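What follows draws every value from the coordinates through simple rules; no lab data is involved. Keep in mind it's a predicted model, so treat the numbers as computed, not measured. Here Cβ is always computed from backbone atoms with ideal geometry, including for glycine, and neighbour counts include all displayed protein chains.
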Amino acid sequence: MNKLVSLFCGIIFGIGLVISQMINPAKVLGFLNLFGEWDPSLAFVMIGALIVSSPLFHLFKNKEKPIFSSSFSISNKKEIDKKLIIGSILFGAGWGLAGLCPGPAISSIALLNMSSIIFVIAMFFGFYIAKLT
Amino acid sequence: MSIINFTPISALTGGLIIGFSVFLFFILNGRMVGVSGIASNFLISKNNRIDNLLFLVGLIFGPLIYSYFTSQKIEISITNSLFLLIGGGLLVGFGTRISGGCTSGHGISGISRFSLRSMIATITFMIVGVLTVLMKNIL
């Protein structure tokens, strides 16, 4: 059942990315173009997501276990360290260069766009390099 | 600053759907969605490998299913500069793994949980993203 849920959640997430147009790097770059011609849409996507996920998370976070798994596995990291900041800076730079972050990048493979595919391959190399360090 | 191309209704609607996916993954499978984590764990870890793969397959099928049922063609506009794509991809892959999350993992799942760590990550990558676009416009 876990596997079906994973597939289903991926599909729903992907549909959300299409409806919100976040699958389109031009929309993301429009949001990051704060000092030029600004497109605030991405902020509304985040607000939309948070007003659903946050209250529901807090409502159910003390449940003993999830419905289809034996336990919750949720990060309990609290440290604000150098890795968090440096990683976020590097990610922000890459996001601003291409207008893609991991979710939309992978979703846009569906469109068989060569640029998306090149980005995703490079991103997986990035994951691998991070694993080596 | 001037505002253009703003699509608040579709942005909010899509966002609600994304939030619902995050909630379902949490309450059913007990995990928080973070696409960079799911994708990199699929690559490097045996734990939950099939689950992670299926989530990624779902991400790719989402747009196809949407197109099929609405008969709408999805148009995207993306750079074809190899420098931006490969440089951007490497930075996104490396950076998200070093910081432990991306727009979904820190920006949505982490902030949902009121994680200070994720709030700081999100503010940081947004500021740097804005500055990067500013630099691109100047150069």
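Quick look at the numbers
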quantity: Exercise: per-residue mean of other protein chain Cβ atoms within 10 Å, A:67-77; calculated: 5
quantity: Shielding by other protein chains, A:53-64, mean Cβ within 10 Å; calculated: 5
quantity: 12 Å beta-carbon shell around B:Phe94, net charge (K/R +1, D/E -1); calculated: +3
quantity: Inter-chain shielding of B:42-49 (mean C-beta neighbours from other protein chains, 10 Å cut-off); calculated: 2
quantity: For A:Met123, B:Met32, B:Met135, order by how many other beta-carbon atoms lie within 10 Å, fewest first; calculated: B:Met135, B:Met32, A:Met123
quantity: Packing-based order for A:73-80, B:10-17, using average beta carbon neighbours within 10 Å, highest first; calculated: B:10-17, A:73-80
quantity: Partner lysines for B:Lys136 [C-alpha distance under 18 Å; skip if fewer than 8 residues away on the same chain]; calculated: A:Lys27
quantity: Under 28 Å from the Cα of A:Lys77 - lysines, other chains or at least 8 residues apart; calculated: A:Lys3, A:Lys61, A:Lys63, A:Lys65, A:Lys131, B:Lys46
quantity: Nearest-20 debye value, the stretch A:38-133 charge dipole, Cβ charges on Lys, Arg, Asp, Glu; calculated: 360
quantity: Residues with amide H under 5 Å from that of A:Trp38, placed H, sequence gap 5 or more; calculated: B:Ser2, B:Ile3, B:Ile4
quantity: Mean residue ellipticity (222 nm) of the protein assembly as shown, computed from DSSP H runs ≥ 4 via -39,500 (n - 2.57), nearest 500; calculated: -21500 deg cm²/dmol
quantity: Local electrostatic count at A:Asn76 - Lys and Arg +1, Asp and Glu -1, tallied over other residues with Cβ under 13 Å; calculated: +4
quantity: Charge dipole (the stretch B:8-138, unit charges on Cβ, about Cα centre) - positive-most of B:Phe114, B:Ile18, B:Ile76; calculated: B:Phe114
quantity: Size of electric dipole in the protein assembly as shown: Cβ of Lys, Arg +1 and of Asp, Glu -1, about Cα centre, debye, nearest 20; calculated: 760
quantity: In sequence order, calculated HN-Hα J values of the stretch B:34-40 (Karplus, 6.51, -1.76, 1.60; Hz; x Gly/Pro); calculated: x, 5, 5, x, 4, 5, 6
quantity: Extended-chain gain in nm, criterion 0.36 nm per residue less alpha-carbon gap, A:Ile74 and A:Leu4; calculated: 23.2 nm
quantity: Gaussian network model of chain B, springs between alpha carbon atoms under 10 Å - residue of B:Asn80, B:Asn29, B:Asn52 with greatest fluctuation; calculated: B:Asn80
quantity: Positive-pole candidate from B:Ser104, B:Phe94, B:Ser67, dipole of the stretch B:46-139, charges at beta carbon; calculated: B:Phe94
